[in-house]
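Below is one structure; the comments refer to it alone.
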Amino acid sequence: MSFAERIVLNPIGYVKTSAEGKEVKDKSLISQIVLHDELVEGLSGISSFSHLFVLFYLNQITSEQRKR
């Protein structure tokens, strides 16, 4: 695989939650998105936007689950 065929992800934060296991599917539970301190300044002006897209990578699933 050449470099041009790879996608490299660099995390900018993480999700903080009290949910465990299948509880993470409960939409009534609230989680918190925590950004690395050095990136928080990039959120300046975000309150004037109506939508926010959050891209995430589920790091605790199997390769087989990831295929679905």
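Descriptive notes on the structure:
- Residues in segment 25-66 that are of a type in the set (Phe, Trp, Tyr) and either open to solvent by less than 100 Å² (accessible area, probe 1.4 Å) or closer than 16 Å to GLY13 by Cβ (or both): PHE53, PHE56, TYR57.
- Check on TYR14, at pLDDT below 85 and open to solvent by 100 Å² or more (accessible area, probe 1.4 Å): no
- Taken as a whole, the condition of being assigned to a strand (DSSP E or B), among the β-branched types (Val, Ile, Thr) and at negative phi does not apply to VAL40.
The values are calculated or read from the model by the stated rules, or taken from the named source; none is laboratory data. All values derive from a computational prediction rather than experimental measurement. Methodologically, a virtual Cβ is constructed for each residue, glycine included, from the backbone with ideal geometry; neighbour enumeration extends over all protein chains shown. Note: accessible area is taken over every heavy atom of the protein model, side chains too, but ligands, DNA and RNA are not part of it. Shrake-Rupley method; radii C 1.70, N 1.55, O 1.52, S 1.80 Å.
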